[in-house]
Amino acid sequence: MVFGLAVSIGIGLAPVRAAELQPGTHAGTLQGALYRIDIPDHWNGDLVMLMHGYQPVGAKITTPMRAAEPTSVLLKLGYAVAQSQYASQGWAVDDAIVDNERLRHYFEHNLAHPKHTYVYGFSLGGLETLATIERYPHIYSGALVTCGVAVSTADIIADGALTPLVAFDALIPGVLPDLTAPDAPAFIPPEVFDKALQAHPQQAAILEQRLQERPGTLSLSLYYMVLRELEKRAGGMPVDNRNTVYQGFGDDADFNRKVHRYAGSPAAMAYVQRNATLTGHIAVPLVMQWNSFDQTVPARFHDGYPKLVHAAGDDKLLTVLPPVGDGHCNFTDAQTEAAFTTLVSKATAGEPEYRHGSGHLPVESNIR
């Protein structure tokens, strides 16, 4: 059943007791962001805030909001699941963090106070989840990140988007437009890149080896779309490669002479730093898992956040599960359940029947 709850934060009835919360789907809008809250038939009293991945600008949005894939697994386990569509699409890291927190606040103040609240993000939702637990260290009992972007925005845009694009352009010139040109398209179909790669197999092999991809898996169209959208969102080129020394693309000296250099916009680069830069400082258990092969978030990025956590001295709170599955966010329900169960066991170790909860909204949680 669906209850329409188009409300503003702080407006609503007093929270009900957990035992009185009726199962079903609550759907509505908070500050311009669609949301849905699913309550299972036998709610265990815990809440999962679920943060979805990258959604291209203009992608169709259904009303009420459609549940993300892990929802059914979590509901089967007895957890309530709350998820926001976010107020914008694309690289919506800033909106995602605020809208997720606003929705959590709404749940606590209008539905029920969970015993535990967990946050779970996949793909780009991984970055948003990590930024969330760093920004709000005492809100959540634990966090799960699967197939996640787990490095700061500046790093993933520089190394995950710009590097493949300028490398492709240096090795196979004449296909990619100037990335800062006002008339450059917002999107280039994958077929354009695929045709060029097929016509230049030697250069394609260099790119695949250096970028840890397989034949036919280079997501250049996606990288281009993400960079162009973030450029528009940030108000300029969000990355600067004028002093970058590239390695591993064949003849390094020749490659670095040919590669296109871009000057970053100071304001755009500052925007990227704000949204978001990770520190590795965590205060709650964190479980992370990647796919064995991921064409969208390649293995060269998988150890980025664990290294930050190690440098911050918080290793004891981090669990990195062995990679499973082939393809971006390709997990079975059983694998998703196992990963989440691992998180819960870490977060509740030593607790007698989950007696401590996430508590009320603390003063430091400032939502717009």
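The values are calculated or read from the model by the stated rules, or taken from the named source; none is laboratory data. This one's a predicted model, so the numbers in the text were calculated from it and none came from an experiment. Heads up, the Cβs are rebuilt from the backbone with ideal geometry, glycines too, and the neighbour counts pull from every protein chain shown. Ligands, DNA and RNA are excluded from the accessible area calculation, which covers all protein heavy atoms including side chains. Shrake-Rupley method; radii C 1.70, N 1.55, O 1.52, S 1.80 Å.
Just by accessible area at a 1.4 angstrom probe, what is the order of Phe249, Phe187 from largest to smallest? Intermediate values should be presented prior to the final figure.
On the way: Phe249 5, Phe187 100 Å².
Sorted descending by solvent-accessible area, the residues read Phe187, Phe249.
What FRET efficiency comes out for Glu208 versus Ala311 if R0 is 35 angstrom and r is the Cβ-Cβ distance? Round to the nearest 0.05. Before the final figure, lay out each step's value.
Numbers: r = 31 Å, r/R0 = 0.88.
With R0 = 35 Å, the Cβ-Cβ based efficiency is 0.70.
Determine the calculated [θ] at 222 nm for the chain from helices alone, applying -39500 (n - 2.57) to every DSSP H run no shorter than 4 residues and normalising by the residue count; nearest 500 deg cm²/dmol.
On the way: 11 runs with 120 residues, N = 368.
Helices in the chain give a 222 nm mean residue ellipticity of -10000 deg cm²/dmol.
Here the chain exposes an accessible surface that is 54 percent carbon and sulfur, computed with a 1.4 Å probe and the other protein chains kept in place. Note on Ile206: accessible area is roughly 50 Å² with a 1.4 Å probe, heavy atoms of protein only.
Using a ≥ b ≥ c from the Cα gyration tensor of the range 89-217 (square roots of the eigenvalues), is it rounded, prolate or oblate, where a/c under 1.5 gives rounded and otherwise the larger of a/b and b/c decides, a/b for prolate? Could you put the intermediate results ahead of the total?
Numbers: a/c = 3.37, a/b = 2.46, b/c = 1.37.
Cα axes put the range 89-217 in the prolate bin.
Pairs of lysines in the chain whose Cα atoms sit within less than 25 Å of one another amount to 9, provided the residues are eight or more positions apart or on different chains. For the chain, the antiparallel share of DSSP beta bridges with both residues in that region comes to about 35%.
Under the membrane-span-like helix rule (DSSP H runs whose alpha carbons stretch at least 20 Å along the helix axis, mean Kyte-Doolittle hydropathy -0.5 or higher), the chain yields 220-234, 333-347.
For the range 55-153, rounded, prolate or oblate, judged on the Cα gyration tensor with a ≥ b ≥ c (square roots of eigenvalues), a/c < 1.5 rounded, else prolate if a/b > b/c? Rounded is the answer for the range 55-153, as its axis ratio a/c remains below 1.5.
Which one of Asp155, Asp314, Asp183 has the biggest mean-square fluctuation once the chain is modelled by GNM with Cα springs under 10 Å? Comparing Asp155, Asp314, Asp183 in the GNM, the peak value goes to Asp183.
Residues of the range 142-157 falling in the label zone of Glu69, defined by backbone nitrogen less than 18 Å from a point 7 Å along Cα to beta-carbon, are 144-150.
Specify whether the C-alpha gyration tensor of the range 204-312 places it in the rounded, prolate or oblate class, a ≥ b ≥ c being the square roots of the eigenvalues: rounded for a/c under 1.5, otherwise prolate if a/b is larger than b/c and oblate if not. It is oblate, given that a/c is not under 1.5 and a/b is not larger than b/c. The mean sequence separation of alpha-carbon pairs under 8 Å and at least six residues apart, normalised by the residue count of the chain, gives a relative contact order of 18 percent.
Please list Met65, Met225 in order of solvent-accessible area, largest first, computed with a 1.4 Å probe with all protein chains present.
Details: Met65 10, Met225 35 Å².
I get Met225, Met65, largest accessible area first.
For the residues Ile156, Ile97, Ile37, a GNM of the chain with alpha-carbon springs under 10 Å puts the largest fluctuation on Ile156. Here the gap between Asp251 and His200, fully extended at 0.36 nm per residue and compared with their Cα-Cα distance, gives a gain of 16.7 nm.
A cut-off of 5 Å between modelled amide H atoms, ignoring neighbours fewer than 5 places along the same chain, links Trp290 with Cys147, Val324. Backbone amide hydrogens, once placed in the peptide plane, bring Ala186 within less than 5 Å of nothing, excluding anything fewer than 5 places away on its chain. Hey, quick one: spin label on Thr180, modelled 7 Å out along Cα-Cβ, who in the range 219-243 has an amide N within reach, i.e. under 17 Å? The answer is 227-243, whose backbone nitrogens lie closer than 17 Å to the label point.
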